[in-house]
Amino acid sequence: MSETMNQTDKKTDIPKLKAEFYEIGAAISRLAEAPLTVEIGNTGVNIDLYYHGWPTVVKDENGTLYAAASLRREHVDPFGVSAFFESKDGGVTWSSPRIIHDFPVDDRDVGLVYIGEGRMAATFFTIGSDYFLPGGDYASCWGKCTDEQKTAKLKEWNSYTADELLKFDGRFVMLTEDYGKTWSEPISVPFSSPHGPSLMNDGKTLICSGVSETEFSAYISKDYGKTWTLYSKVDLPELPPEYSYSEPYVIQLSDGSFLAGIRSEKSGIIGTSYSIWTMKSNDGKNWTTAQRIPSVVGAPAHFLELSNGAVLLTYSYRVGTRGVRGCLSYDGGVTWDTEEFEISNNTSTKNNDLGYPSTVELADGTLITVYYQPYGDDYPSSLLYTKWKLSPR
C-alpha cells in the first residue's frame, strides 16, 4: 500500500550545515601490513587474510564503538570471514580484528545494530561452494592460493555432505548479549541488508528490510533478533529490464516515521548507474511511492538521524577517483540537499573497490564514518574511518 506523507509536519528550523573534517582515511585495520593468519578448517593448513569489505559501525550507551566487517583475500573469496572491532576512546584506537564467524563458504556484508544492555545483532550472507568449484562463476578466485591451500579447502568442503553444505548458503543473523564477547550460532533469516537491522523507538524491536526485483519488504523482531516476522510489503516502481533494486536500509526517526533507502543500478555498469530510491512511512506498513534522489550518484544507503534533527545519508561514490560521499535532509528524508560532502577519496592506482559507509555521532557532535577502501596506494582494501563535524553554514 502507498500513502502520502504530510511534509508540513516536518522540522523547518534546522540550520543549513557544512562539513569540517579532522581525519580522513585513518586506519582501523590495515592487514596489508600484517595479514591475519587463519587455519583452513581443521586441515592444519593456514592462509593469510588481508582484504576488508562492507563494514558497519555502531555505538553503545557508554560511548564504546563497535565495527564489524568481512575479512578475506579478494572481493569474492571462499575464505571470507566475519570480524569484529571495538574502540573505547571514541575511535582514536581500535582493537585487532576478532573473527566472530567463519562458515566454510564466503561470509559477506556484516551488518550490525546495537540494541541495548550489551545486546547486538549482526547479519551476513554467504556465497556457496558451487561458485568456487571447477566451472563455477568465481573459480578464478583460486588464483592466489597455493596448491596446498586449495587442496585443504576442498578437503574441508568434502567433509560435509551436499545437504550440509547447502545449509551454509543463505542469509543469517548472530546475536550477542555481552557487548560482543560471545555470539550465538547463526540463525537463518529471509532478508539481507549490508548494514543490517536498525533499532526502533521502543528500544526493543528491530526492523530490517529485504527486496526483490519488484517488492520491498520489512521484517521485525520483538525478541532481540531471535525470531522475525514479516511486517509489510510494498510494490516498487517498475524499472527498465536492465536495471535492478538491491541492498535496502530502513530506520525509524524520532518523530515515529520510517525512512527507507534502496540501491538501483544498471547491469554491468559500475558506479555511473548507481542511484538511491527513498520511501517514507508513518507506520512501517503503508509507504510512499519510491522516489530517486536526483543529486546522488552512488549506493547503498546508510541513514543517521543527527542530534539536531537533520538526517545524514552516506554512500559509496564510484565515479572518477571514487570514494565516500554524504548529503543531508532537513525534512526527515522527504527532500535532500544537493550539496554533497566528500568524506573520502581513493588515491590507490591499484584498486577501486571501496565504500559501504556507515556513521555514528559521538556525544560532542563528532561524526565517525567507517568504510572500506585501499589505504594510500595499497592494493588490498583496508578498514578506514573519517572523523568530522557539521556546523552551521
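For the stretch 168-187, the set of residues classified as touching a residue at least 12 places away in the same chain (Cβ under 8 Å) and in a loop (DSSP other than H, G, I, E, B) consists of F168, D169, G170, E177, D178, Y179, G180, W183, P186, listed by residue number.
Looking across T43, T37, T126, T93, one residue alone is β-branched (V, I, T) and under 19 Å from the mean Cα position of the chain (by Cα). It is T126. Answer with yes or no whether E361 is surrounded by fewer than 18 Cβ atoms within 10 Å (Cβ to Cβ) and touching a residue at least 12 places away in the same chain (Cβ under 8 Å). When the stated conditions are applied, E361 does not pass them.
One residue stands out in the stretch 333-351 among those that are assigned to a loop (DSSP other than H, G, I, E, B) and within 21 Å of the chain's Cα centre (by Cα): the one that is farthest from L71 (Cα to Cα), namely G333.
This table checks each residue for (1) more than 24 Å from Y50 (Cα to Cα); (2) modelled with pLDDT under 95; (3) basic (K, R); (4) out of contact with any helix residue (DSSP H, G or I) (no Cβ under 8 Å at 6 or more places or on another chain).
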{"residue": "C145", "(1), (2), (3), (4)": "no, yes, no, no"}
{"residue": "N158", "(1), (2), (3), (4)": "yes, yes, no, yes"}
{"residue": "V173", "(1), (2), (3), (4)": "yes, no, no, yes"}
{"residue": "E177", "(1), (2), (3), (4)": "yes, no, no, yes"}
{"residue": "K181", "(1), (2), (3), (4)": "no, no, yes, yes"}
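A218 - would you say it is modelled with pLDDT under 95, surrounded by 17 or more Cβ atoms within 10 Å (Cβ to Cβ) and closer than 30 Å to N308 by Cβ? Yes, satisfied. The lone criterion from (1) in contact (Cβ under 8 Å) with a residue 40 or more places away in the chain; (2) out of contact with any Phe, Trp or Tyr (no Cβ under 7 Å at 6 or more places or on another chain) left unmet by V250 is number (2). How many residues are surrounded by 17 or more Cβ atoms within 10 Å (Cβ to Cβ) and either free of Cβ contacts under 8 Å to residues at least 24 places away in the same chain or within 20 Å of V113 (Cα to Cα) (or both) if we restrict to the stretch 221-247? Of the residues in the stretch 221-247, 6 are surrounded by 17 or more Cβ atoms within 10 Å (Cβ to Cβ) and either free of Cβ contacts under 8 Å to residues at least 24 places away in the same chain or within 20 Å of V113 (Cα to Cα) (or both). Exactly one residue out of T278, T289, T314 is farther than 15 Å from T369 by Cα, among the β-branched types (V, I, T) and not in a loop (DSSP other than H, G, I, E, B): that is T278.
Residue by residue, here is whether (1) in contact (Cβ under 8 Å) with a residue 12 or more places away in the chain; (2) surrounded by fewer than 24 Cβ atoms within 10 Å (Cβ to Cβ); (3) charged (D, E, K, R) holds:
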position: V296; (1), (2), (3): yes, yes, no
position: H302; (1), (2), (3): yes, no, no
position: N308; (1), (2), (3): yes, yes, no
position: G320; (1), (2), (3): no, yes, no
position: G333; (1), (2), (3): yes, no, no
position: W336; (1), (2), (3): yes, yes, no
position: E339; (1), (2), (3): yes, yes, yes
position: I343; (1), (2), (3): yes, no, no
position: Y356; (1), (2), (3): yes, no, no
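Scanning the stretch 90-139 for residues that are surrounded by fewer than 19 Cβ atoms within 10 Å (Cβ to Cβ) and β-branched (V, I, T) yields V92, T93, I99.
For the stretch 247-269, a residue qualifies if it is in a strand (DSSP E or B) and on the phi > 0 side of the Ramachandran plot, and exactly one does: E247. Filtered by the rule that a residue be outside any strand (DSSP E or B) and touching a Leu at 6+ places or on another chain (Cβ under 8 Å), the stretch 352-393 gives G365, Y375, P380, R393. A count restricted to the stretch 168-186 and to residues that are closer than 17 Å to A68 by Cβ and buried (at least 16 other Cβ atoms within 10 Å of the Cβ) stands at 10. Counting just the residues of the stretch 227-246 that are assigned to a loop (DSSP other than H, G, I, E, B) and of a type outside the set (D, E), which one comes out farthest from G298 (Cα to Cα)? If we take residues in the stretch 227-246 being assigned to a loop (DSSP other than H, G, I, E, B) and of a type outside the set (D, E), then T227 is farthest from G298 (Cα to Cα).
Mind listing whichever residues of the stretch 37-74 are under 28 Å from T359 (Cβ atoms) and either surrounded by fewer than 18 Cβ atoms within 10 Å (Cβ to Cβ) or hydroxyl-bearing (S, T, Y) (or both)? Within the stretch 37-74, Y50, Y51, T56, E61, N62, G63, T64, Y66, S70 meet the criteria. Screening R322 on (1) of a type in the set (K, R); (2) more than 30 Å from E61 (Cα to Cα); (3) at pLDDT 95 or above shows it passes everything except condition (3).
The values are calculated or read from the model by the stated rules, or taken from the named source; none is laboratory data. Computed from a predicted model, the values in this text were never measured in an experiment. Note that each Cβ is placed from the backbone with ideal geometry, even for glycine, and that neighbours are counted across all protein chains shown.
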